[in-house]
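K.L.:
Have a look at this one.
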Amino acid sequence: MAKKIRTSPPFGQFLKDLRERKGLSLDEVEEATGIPNAYLCQLETGARKKLPAPERLRIIADYYNVSIQELLEKAGYYESKEIEETFEQKIEKAFLHVVNDPSFKYGTRVKKEYDLDAKRFIIEMYEKVTGKKLL
Amino acid sequence: MSEIATPNKKLDTFVNSLIPETNLSPTAIARKFSLFHQLSSPPSYPSIISACSAFVGDLQIENLPDTMRGFHFIYNDHIQITLRERERTGAIAHTLLHELFEIIIERLNDKKTPPYALTQYKANLFAASVLMPKEVFFEFSLDSDLDFMAIRDKYLHLSCLSLLLRLRYLFGINKTYYLGIVAENKKAHYHENYPGNRNNLSSFEITIVTRSPEDSITFNNKALLELLGKCHKEIMAQKDKYKKSITLEEGDFLIKATPFMYHKYEAIKTIIMQILPKKNYEALLRKAVKKP
């Protein structure tokens, strides 16, 4: 049976901080993610006691450009030291950061989809040109 | 004192020249690009490199991941294109133009709304249009009776996909349906060593070169596989070690199939199939012959 964990104020506050840092309203987040603003509001204020389903957490993590681990940790699912990010997760997280940086535009001629090697290459190029360290 | 034009400024001059015109197609941008750089028809490889360098100062050749043919980024005023090392000159030129087109569109989007919908197909069509100017390429294709081997010999450095994409576009604007298909034998190496498997079609993967938003799609259509089977059989029935192109007539359609072989054990590496209506093609041929 799925473990029921209640949302904690730090989780709600964390979500609110993420949203405000991006200067977004709840309506705008709803429009971009498809998650109702009333639901988001309940999460942020702690009014909703039950945690979002994993798929919703994934959408929120992707949208706010944070790792799913970080979100789960803030939600109280586990302590950060319990699970270490795999190399693949690190790449995905760093790649998301690159994709969401509006000052870095890129394009590539790929055969099908970006595989891990391609993502890693793009991250390395990003690190080289911006001087930021992601990996 | 006159200011030396940097690559970014030259790029912006070109991009600004596109702004007054709306909905420019990749082929129209290609024509303007060739005119801007006064490229010959067809353009030489060094002239393509030089034209692209004039817009993007930083061109790099690197060992790219297997799935990547080229890469570009724009960060502040720094624009860089990175290309895969150890590629044929035609592949380098095509990828370079492909990346450059994406950069042009990025710059155009910064100055214009709504944004231009970018697809890989458009970038590929731009590259193919610069490398194969309409007049020379289409005339040669008709003169050679669409013999893909002859076309490939003439444009040796270019990829089959690029050639088929250009043919598809040019036949399309001449109101003739044209379908270019690449059937790649994924187990050709295996078949080299086990000649008994040469007639096994299950390892052929079909790619259709289209004019739709995607430049190629994986297709598994029964009718096409049957057609491929017929072409394959006819090709393999040739007694010569080096198999030649064959032409089949299927109802109202003409099918030209060209094999590319591994020479050692005669295993087929790739079959290029060109499908088009007989009637329209013959009319186009008559029109081409009539030209002085």
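K.L.:
Could you list, in sequence order, all residues of the stretch B:229-257 that are assigned to a strand (DSSP E or B), over 17 Å from B:ILE206 (Cα atoms) and touching a residue at least 12 places away in the same chain (Cβ under 8 Å)? I'd like the intermediate steps shown before the answer.
P.N.:
We begin by selecting, within the stretch B:229-257, every residue assigned to a strand (DSSP E or B); these are B:246-250, B:253-257.
Still in the list and also over 17 Å from B:ILE206 (Cα atoms): B:246-250, B:253-254.
Passing the criteria: B:ILE246, B:LEU248, B:GLU249, B:GLU250, B:PHE253, B:LEU254.
K.L.:
Quick one: which helices (runs of 4 or more DSSP H) lie wholly within the stretch A:5-64 and hold at least 1 residues that are more than 24 Å from A:GLU92 (Cα to Cα)?
P.N.:
Numbers: elements: A:9-21, A:26-33, A:37-45, A:54-64.
Counting at least 1 such residues, we get A:9-21, A:26-33, A:37-45.
K.L.:
Separate question: Going through the stretch B:133-180 one residue at a time, which ones are out of contact with any helix residue (DSSP H, G or I) (no Cβ under 7 Å at 6 or more places or on another chain) and in a strand (DSSP E or B)?
P.N.:
Correct list: B:LEU179 only.
K.L.:
Can I ask one more? Mind listing whichever residues of the stretch A:115-135 are in a loop (DSSP other than H, G, I, E, B) and in contact (Cβ under 8 Å) with a residue 12 or more places away in the chain? Give the steps one after another, and end with the answer.
P.N.:
At the first step, the residues of the stretch A:115-135 found to be in a loop (DSSP other than H, G, I, E, B) are A:115, A:131-135.
Listed by number, the residues that qualify are A:LEU134, A:LEU135.
K.L.:
Still on this model: Quick one: count up the residues across the stretch B:25-44 that are over 15 Å from B:THR13 (Cα atoms) and surrounded by 15 or more Cβ atoms within 10 Å (Cβ to Cβ).
P.N.:
7
K.L.:
A further question follows. Can you report the number of residues in the stretch A:90-114 which are assigned to a loop (DSSP other than H, G, I, E, B), within 11 Å of chain B (Cβ to nearest Cβ) and polar (S, T, N, Q)?
P.N.:
1
K.L.:
If I filter the stretch B:21-32 for residues that are modelled with pLDDT of 90 or more and either basic (Lys, Arg) or part of a loop (DSSP other than H, G, I, E, B) (or both), do I get at least one hit? It would help to see each step written out before you state the result.
P.N.:
As a first pass, look at the stretch B:21-32 and keep what is modelled with pLDDT of 90 or more: B:26-32.
Keeping just the survivors that are either basic (Lys, Arg) or part of a loop (DSSP other than H, G, I, E, B) (or both) gives B:31-32.
Taking every residue of the stretch B:21-32 in turn, at least one turns out to be modelled with pLDDT of 90 or more and either basic (Lys, Arg) or part of a loop (DSSP other than H, G, I, E, B) (or both).
K.L.:
Then there's this: Quick one: in the stretch A:43-58, of everything that is under 15 Å from A:LEU18 (Cα atoms) and surrounded by fewer than 18 Cβ atoms within 10 Å (Cβ to Cβ), which residue is modelled with the highest pLDDT? Full working, then the answer.
P.N.:
Applying the first criterion (under 15 Å from A:LEU18 (Cα atoms)) to the stretch A:43-58 yields A:43-45, A:57-58.
When the remaining residues are screened for being surrounded by fewer than 18 Cβ atoms within 10 Å (Cβ to Cβ), the result is A:45, A:57-58.
On the way: A:THR45: 86, A:LEU57: 80, A:ARG58: 78.
Filtering first and then ranking leaves A:THR45.
K.L.:
Mind listing just one residue for me: the one in the stretch B:36-63 that is of a type in the set (A, V, I, L, M, F, W, C) and in contact with a Ser or Thr (Cβ under 7 Å, 6 or more places away or on another chain) and, of those, nearest to A:LYS128 (Cα to Cα)? Before the answer, list the steps.
P.N.:
Residues of the stretch B:36-63 of a type in the set (A, V, I, L, M, F, W, C): B:36, B:39, B:48-49, B:51-52, B:54-56, B:59, B:61.
Still in the running and in contact with a Ser or Thr (Cβ under 7 Å, 6 or more places away or on another chain): B:39, B:59.
Working: B:LEU39: 34, B:LEU59: 15 Å.
The selected residue is B:LEU59.
K.L.:
Quick check on my filter: what residues within the stretch A:34-53 are of a type in the set (S, T, N, Q) and in contact with a Leu (Cβ under 7 Å, 6 or more places away or on another chain)?
P.N.:
As a first pass, look at the stretch A:34-53 and keep what is of a type in the set (S, T, N, Q): A:37, A:42, A:45.
Across the stretch A:34-53, the qualifying residue is only A:ASN37.
K.L.:
Quick one: what pairs do we get from the stretch B:77-91, first residue free of Cβ contacts under 8 Å to residues at least 24 places away in the same chain, second assigned to a loop (DSSP other than H, G, I, E, B), C-beta under 7 Å, 6+ apart or different chains?
P.N.:
Matching pairs, first to second residue: B:THR82/B:LEU64; B:ARG84/B:LEU64.
K.L.:
Moving to a separate point now. Scanning for something among the polar types (S, T, N, Q), in contact with a helix residue (DSSP H, G or I) (Cβ under 6 Å, 6 or more places away or on another chain) and within 27 Å of A:PRO102 (Cα to Cα), does the stretch A:22-32 turn up at least one residue? It would help to see each step written out before you state the result.
P.N.:
Applying the first criterion (among the polar types (S, T, N, Q)) to the stretch A:22-32 yields A:25.
Subset that is in contact with a helix residue (DSSP H, G or I) (Cβ under 6 Å, 6 or more places away or on another chain): none.
For the stretch A:22-32, residues among the polar types (S, T, N, Q), in contact with a helix residue (DSSP H, G or I) (Cβ under 6 Å, 6 or more places away or on another chain) and within 27 Å of A:PRO102 (Cα to Cα): absent.
The values are calculated or read from the model by the stated rules, or taken from the named source; none is laboratory data. Treat the numbers as computed from the prediction; the structure is a model and nothing was measured. As a convention, Cβ positions derive from the backbone with ideal geometry for all residues, glycine included, and neighbour counts pool all protein chains shown.
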